[in-house]
Amino acid sequence: MRINKVKTLAVIAATFGTFAALPAHAGKTLDGIKARGQVVCGVNTGLAGFGAADSAGKWTGLDVDICRAIAATTLGDAEKVKYVPLNAQQRFTALQSGEIDVLSRNTTFTLTRDASLGLNDTAVTYYDGQGFMVPVKSKIKSAKQLKGQTVCVQSGTTTEKNLTDYSKAAGLNIKPVVFEKLEAAENAYFTGRCIAYTTDASGLASTRNKVAKDPAEHIILPELISKEPLGPMVRRGDDEWFAIVKWTIYGLLEAEEYGITQTNVDALKATSKDPVVQRILGTSEDTGKLLGLSKDWMANAVKATGNYGEIFERNVGPKSPLGLPRGVNNLWNKGGLMYAYPVR
Amino acid sequence: MNPQTPPKKNSWSWRSQAFRGIVYQLIAAVAIAAITWFLIHNTLVNMQARGIKSGFDFLSQAAGFDIGESLYPFDSAQPYWEAFLIGVTNTLRVAVLGIILATLLGTILGVGRFSRNALVRGLCLSYVEFFRNIPVLLQLLMWYVILTEVLPASSEAWTLGPFFLSKGGLNFPIPVWSTGQLWAAYGLLPGVLFGWAYRRRAVRKFETTGKPGSMVLMPLVIMLFASLAGWALGGAPTEFNRPIKGDFAIENGGALTPEFLAVLMGLTLYTASFIAEVVRGGISSVARGQGEAASALGLNRNQEMRLVMLPQALRVIIPPLTNQYLNLTKNSSLAVAIGYPDVVSIANTALNQTGRAVECISLVMLVYLATSLGTSLLMNWYNNRAAIKER
């Protein structure tokens with residue numbers, strides 16, 4: 001009997017041990033990346049337009065292009081990325097434990113996450129809001145008509161709480177059906193288990209476009225019930241790496257603002273007399289040096305992925321399959337919210 | 001000749017086996033305590049170094065999310081620990097019901113393997129082989145897909161009297177609570193007493209005179225009648241909360257969601273195949289002569305199984321049966337895949353809202369540890385009761 005007790009204790013200890021097995025602090029993230037020659041980037045398991053692998057295993061999407069830009073600024077080669085597909089539950093732990101260098105996975109910045117996860121929000125890459133999708137044949141025109149209805153949602157996201165807040169504030173008594181996996185939540189909606197599906201409006205567009213048999217049979221309701229600033233996160237405690245990710249994003253925005261594109265970047269690098277362009281492309285001052293990067297860090301990124309506007313157009317913009325309008329994601333001087341700190 | 005004197009036993013000597021045993025166990029216990037302490041300490045230090053907040057204080061904060069189904073009402077303003085409690089009750093609900101149903105079905109299937117009818121035998125065998133050899137997660141998904149894909153939308157629900165079956169689940173009428181139901185419960189009390197007394201008398205009569213009386217049916221009738229009498233005394237309430245078809249969903253009445261039904265069906269059908277094997281093994285273990293002896297006494301096939309074979313098989317069946325109960329309870333954690341809000345699903349949500357990964361996972365582990373130890377305690381007690389008592 002005593003032996004049995006000891007055995008039980010050993011099992012308990014071993015199971016707790018697996019949680020304690022976080023690796024010790026890895027030192028400078030950038031050093032690690034340079035040593036292994038790869039940026040390890042956490043992405044979505046499959047959200048077309050943001051982060052999804054095609055049948056050949058090639059990752060594409062807005063979040064993926066951010067990873068590629070980071071690889072270009074740090075290693076000079078946008079292909080040197082290892083993608084780690086993560087679901088909503090895994091993403092923060094993967095970043096905290098050092099499994100990934102950066103989490104670029106349509107993740108909302110919130111106070112709780114910023115203050116309690118040991119992570120840092122870098123810069124917003126997509127301003128979103130939570131919406132609802134319903135079948136056209138339900139004849140529902142507004143989220144206010146969802147009283148007492150079932151709504152499919154993915155667990156462990158800000159979405160779940162927003163839904164509750166909205167349901168409470170509007171007195172709707174919505175019944176959530178919560179799924180761990182994105183695919184399961186989408187599938188439950190399409191089989192008709194729920195009358196509506198809720199997630200960020202961009203996610204709705206992606207799902208409608210890629211998963212629905214006939215996209216025309218589903219409409220996205222006009223109400224947006226929350227603010228969802230999405231962007232990459234990094235671990236706390238490595239300010240240099242935090243700055244690199246943040247400034248890579250700002251650089252892509254600056255490139256758009258000053259008309260630097262994938263096609264003209266080489267020509268501008270050689271000929272541009274504009275001091276701002278020269279600074280961004282590293283032909284006058286060495287802006288990369290302060291970040292611990294090469295002089296042409298931003299030129300490499302724009303050459304690989306294009307500027308922010310090009311990334312947006314290619315992955316989610318009006319001409320892409322998702323067909324999302326630029327809206328608030330336009331530059332500050334074109335009526336949007338995208339405002340980069342100056343590269344100088 | 002010198003008589004060999006046995007070595008002097010000193011309980012504090014290294015030569016004493018008992019003493020050595022205690023020392024070894026002490027060393028093991030200290031080593032484990034040290035490792036545990038190191039792991040916990042290391043985790044806490046690392047989490048602090050990374051700025052990750054830790055502690056169980058979040059349990060008293062408002063949860064802020066709704067739960068799709070629960071045994072009692074839950075509001076998002078209630079704290080996390082109450083949300084966890086809802087998850088635990090949801091897990092237990094599916095586990096307890098699943099254990100009861102799987103035991104019934106498994107026993108029938110196990111006994112069916114000894115049927116003289118080749119068709120019955122074959123059907124039981126194919127059931128076991130089919131359900132035992134497909135991973136339970138796939139079975140859960142399969143039932144969920146069947147329930148949500150094949151069933152009609154709520155607006156075109158299949159109707160049988162006051163029952164509705166649709167993608168929204170099974171909707172049924174529930175009695176409106178009134179004093180009448182309470183009276184029915186009051187009536188049940190003397191009913192149980194009388195039924196029990198009747199059964200005792202019937203058993204005694206059988207033992208003394210050999211005339212078999214009704215030992216199951218009549219006591220049940222007495223209980224039912226007493227309960228009905230109580231219900232009539234309480235004013236015979238017949239008011240039901242009937243489900244009605246709304247525009248998009250079926251409203252009012254009671255409801256079993258497709259998530260719950262899929263988990264229950266999947267776990268029951270899967271575990272029943274294992275229980276059937278356990279029962280079969282138990283019955284095979286009873287000596288063949290026992291069955292022959294029973295026939296020689298003039299017992300029919302049914303009595304032979306019920307009175308001679310099964311009671312003896314029970315001793316072999318209970319320990320592996322306990323394992324199946326534990327497995328069923330633990331497998332219910334797969335419910336998260338099809339959206340049933342069990343304790344794992346709610347812990348997942350809490351984990352993501354608060355970022356307290358270590359805490360939430362520990363809580364879930366604690367819940368399963370407690371339910372498993374509880375189940376095994378109960379079954380061990382029953383096993384002791386059923387074991388052969390040497391007198």
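The values are calculated or read from the model by the stated rules, or taken from the named source; none is laboratory data. Remember, predicted model here, so these are calculated numbers, not experimental data. In this analysis, Cβ positions are derived from the backbone assuming ideal geometry, glycine residues included, and neighbour counts consider all displayed protein chains. What goes into the accessible areas is simple: the full protein's heavy atoms, side chains included, and nothing from ligands, DNA or RNA. Shrake-Rupley method; radii C 1.70, N 1.55, O 1.52, S 1.80 Å.
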Approximate shape of the protein assembly as shown as ellipsoid semi-axes (Cα gyration tensor, √5λ), whole Å, largest first
59, 37, 22
Could you give the distance between the Cα centres of the stretch B:18-53 and the stretch B:200-256, to the whole Å?
56
Work out how much length A:L337 to A:A170 would gain on full extension: take 0.36 nm times their residue separation and subtract the Cα-Cα distance, in nm to one decimal.
57.3 nm
Plugging the Cβ-Cβ distance of B:F194 and B:L377 into 1/(1 + (r/R0)^6) at R0 = 45 Å yields, to the nearest 0.05, a FRET efficiency of 0.85
Taking Cα pairs closer than 8 Å and at least 6 residues apart, the relative contact order of chain B in percent is 20
What residue among A:K58, A:K161, A:K28 shows peak mean-square fluctuation when chain A is described by a Gaussian network model with Cα springs under 10 Å?
A:K58
Would you list B:E69, A:E257 from the most to the least accessible area, probe 1.4 Å?
A:E257, B:E69
Can you compute the helix-only [θ] at 222 nm over chain B? Use -39500 (n - 2.57) per DSSP H run of at least 4 residues, normalise by all residues, nearest 500 deg cm²/dmol.
-21500 deg cm²/dmol
Within straight cross-link reach of B:K330, meaning Cα distance under 24 Å, which lysines are found once same-chain residues fewer than 8 apart are removed?
A:K5, A:K7, A:K181
Suppose each label sits 7 Å from its Cα in the direction of the beta carbon; what would the A:K58-B:V216 distance come out to in nanometres?
6.9
Listed residues B:W177, A:W332 arranged by accessible area, highest first, probe 1.4 Å
B:W177, A:W332
Would you please give the residues with an amide H less than 5 Å from that of A:I174, counting only those at least 5 places away or on a separate chain, with H modeled from the backbone geometry?
A:G148
How much solvent-accessible surface does B:W158 expose, in Å² to the nearest 10, with a 1.4 Å probe and all protein chains in place?
140
Taking the alpha-carbon centroid of each part, what is the distance from the stretch A:240-258 to the stretch A:65-124 in angstrom?
15
Under the rule of -39500 (n - 2.57) per DSSP H run of 4 or more residues, summed and divided by the residues of chain A, what mean residue ellipticity at 222 nm is obtained, to the nearest 500 deg cm²/dmol?
-12000 deg cm²/dmol
I need to check one value: relative contact order of the stretch A:50-91, counting alpha carbon pairs closer than 8 Å and at least 6 residues apart, in percent.
24
Binning at 10 angstrom from zero up to the longest distance, how are the C-alpha pair distances of chain A distributed in percent?
5, 24, 30, 22, 12, 5, 1, 0, 0
Expressed as a rounded percentage, what relative contact order does chain A have, with Cα pairs under 8 Å and six or more residues apart?
20
For the stretch B:137-145, Karplus-derived ³J(HN,Hα) couplings (6.51, -1.76, 1.60; θ = phi - 60°; whole Hz; x for glycine and proline) come out as 4, 4, 5, 4, 4, 4, 5, 5, 5
For the stretch A:246-330, how many pairs of lysine residues have a Cα-Cα distance under 16 Å, where the two are 8 or more positions apart or belong to different chains?
4
Determine the shielding of peptide B:48-56 by partner chains: average, over its residues, the number of Cβ atoms on other chains within 10 angstrom of each Cβ.
5
May I ask you to order A:212-219, B:105-112 by the average number of other C-beta atoms within 10 Å around their residues, highest value first?
B:105-112, A:212-219
Which of the aspartates and glutamates could a cross-linker span from A:K334 if the Cα-Cα distance has to be under 17 Å and same-chain partners fewer than 8 positions apart are dropped?
A:E254, A:E256, A:E257, A:E310, A:E313
Which residues in the stretch A:117-156 have a backbone N closer than 13 Å to a point placed 7 Å from the Cα of B:Q61 along the Cα-to-Cβ line?
A:117-118
If the cut-off is a Cα-Cα distance under 18 Å, which aspartates and glutamates reach B:K389, setting aside same-chain residues fewer than 8 apart in sequence?
none
In angstroms, what radius of gyration and Dmax does chain B have, counting Cα atoms only?
27.9, 104
How many Cβ atoms of partner chains, on average, are near each residue of A:148-155 if near means within 10 Å of its Cβ?
5
So, in Å, what gap is there between the alpha-carbon centers of the stretch A:327-344 and the stretch A:150-202?
31
Across peptide B:141-148, what mean number of C-beta atoms from other chains lies inside 10 Å of a residue's C-beta?
2
With every protein chain kept in place and ligands, DNA and RNA left out, what is the accessible area per residue of the stretch B:250-325? Probe 1.4 Å, answer in Å².
43
Within the set of other residues whose C-beta is less than 11 Å from the C-beta of B:M218, count the net charge using Lys and Arg as +1 and Asp and Glu as -1.
+2
Linear extension gain, B:F130 paired with B:I174, 0.36 nm per residue minus alpha-carbon span
12.2 nm
If you build a Gaussian network model of chain B, linking Cα atoms that sit under 10 Å apart, which residue out of B:Q353, B:Q17, B:Q181 swings the most?
B:Q17
Among A:T305, A:T150, A:T122, whose mean-square fluctuation peaks in a Gaussian network model of chain A (Cα, cutoff 10 Å)?
A:T150
For B:L97 and B:D75, FRET efficiency with R0 = 22 Å and r from the beta-carbon atoms, rounded to 0.05?
0.30
